[in-house]
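The values are calculated or read from the model by the stated rules, or taken from the named source; none is laboratory data. Please read all numbers here as calculations on a predicted model, not as lab measurements. Cβ placement follows ideal geometry from the backbone for every residue including glycine, while neighbour counts extend to all protein chains displayed. The accessibility values were calculated without ligands, DNA or RNA, using every heavy atom of the protein model including side chains. Shrake-Rupley method; radii C 1.70, N 1.55, O 1.52, S 1.80 Å.
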Amino acid sequence: MLTDESFFPKPDWLYRIKLRASYGSTGNRTIGRYQTLAKVTGDMRYISASGSPLYAQYITAMASPDLKWETSTGIDVGIDFILFEGRISGSVDYYNKNTTDLLYNVDIPGITGFETFPDNLGEIHNQGLEIELSTVNLQMGDLRWETNFTYSRNRNEIVTLLGFYIADD
């Protein structure tokens, strides 16, 4: 905590303050282990003119060789505080995250023999602010009156979709 450090001048009204920050990337591997490859299955599917079964092979999944993991990279900074010996406390958090190579099963025409095709669809930008504030308005014996306030703002923006940049109007 910042208030425990010797270099930080601690005023009387400030009981505790803590700064937080994080940065990192995470991956989403909701694609199957071999989903980038075409799958071929075989069984006895046809009957010859003489009536004997014939072995046939057919594609059961289309190849998607350019399919990649979805990756989210972001930063989160925050501050926690307690003021006036615990009468007021709260936190403020800001986050900013970019998700690239968004995974999505794209609907394709049924005439192909398949209904969907896994693809990296685009990029999303997400940012937001969260504020929490708690106050102890009155405390007398067993009587305690508290107020809690929460505010959050989240904005999602599609940056690219199917390789096209989405223009802001």
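Can you find, within region 85-98, the residue that is farthest from Glu115 (Cα to Cα) among those that are part of a strand (DSSP E or B) and open to solvent by 80 Å² or more (accessible area, probe 1.4 Å)?
Within region 85-98, the match that is farthest from Glu115 (Cα to Cα) is Tyr94.
Does region 22-39 contain at least one residue that is within 28 Å of Val136 (Cβ to Cβ) and hydrophobic (A, V, I, L, M, F, W, C)? Checked region 22-39: no residue is within 28 Å of Val136 (Cβ to Cβ) and hydrophobic (A, V, I, L, M, F, W, C).
I'm trying to understand the selection: among the residues of region 52-80, which are over 19 Å from Val40 (Cβ atoms) and either β-branched (Val, Ile, Thr) or touching a Gly at 6+ places or on another chain (Cβ under 6 Å) (or both)?
Start the filter on region 52-80 by keeping residues that are over 19 Å from Val40 (Cβ atoms), which leaves 52, 66, 68-80.
If the condition is that a residue be over 19 Å from Val40 (Cβ atoms) and either β-branched (Val, Ile, Thr) or touching a Gly at 6+ places or on another chain (Cβ under 6 Å) (or both), then Trp69, Thr71, Thr73, Ile75, Val77, Ile79 are the ones that fit.
For region 42-61, which positions are touching a Phe, Trp or Tyr at 6+ places or on another chain (Cβ under 9 Å), without any contact (Cβ under 8 Å) to a residue 24 or more places away in the chain and open to solvent by 70 Å² or more (accessible area, probe 1.4 Å)? Matches in region 42-61: Met44, Arg45, Tyr46, Pro53, Leu54, Tyr55. When the residues of region 44-84 are filtered to those that are over 37 Å from the mean Cα position of the chain (by Cα), of a type in the set (S, T, N, Q) and assigned to a loop (DSSP other than H, G, I, E, B), which remaining residue is farthest from Glu123 (Cα to Cα)? Here the answer is Ser50. Closer than 30 Å to Leu103 by Cα, assigned to a strand (DSSP E or B) and modelled with pLDDT of 90 or more - does that describe any residue in region 132-147? The answer is no; no qualifying residue exists. Determine whether region 131-148 contains at least one residue that is closer than 27 Å to Trp69 by Cα and open to solvent by less than 50 Å² (accessible area, probe 1.4 Å). No, because not a single residue in region 131-148 is closer than 27 Å to Trp69 by Cα and open to solvent by less than 50 Å² (accessible area, probe 1.4 Å). Quick check, is Asn96 within 30 Å of Leu19 (Cβ to Cβ), within 26 Å of the chain's Cα centre (by Cα) and at pLDDT 85 or above? Yes; evaluated as a whole, the condition is true for this residue. Can you confirm whether region 14-22 contains a residue that is open to solvent by 90 Å² or more (accessible area, probe 1.4 Å), modelled with pLDDT of 85 or more, assigned to a strand (DSSP E or B) and closer than 30 Å to Val106 by Cβ? For region 14-22, residues open to solvent by 90 Å² or more (accessible area, probe 1.4 Å), modelled with pLDDT of 85 or more, assigned to a strand (DSSP E or B) and closer than 30 Å to Val106 by Cβ: absent.
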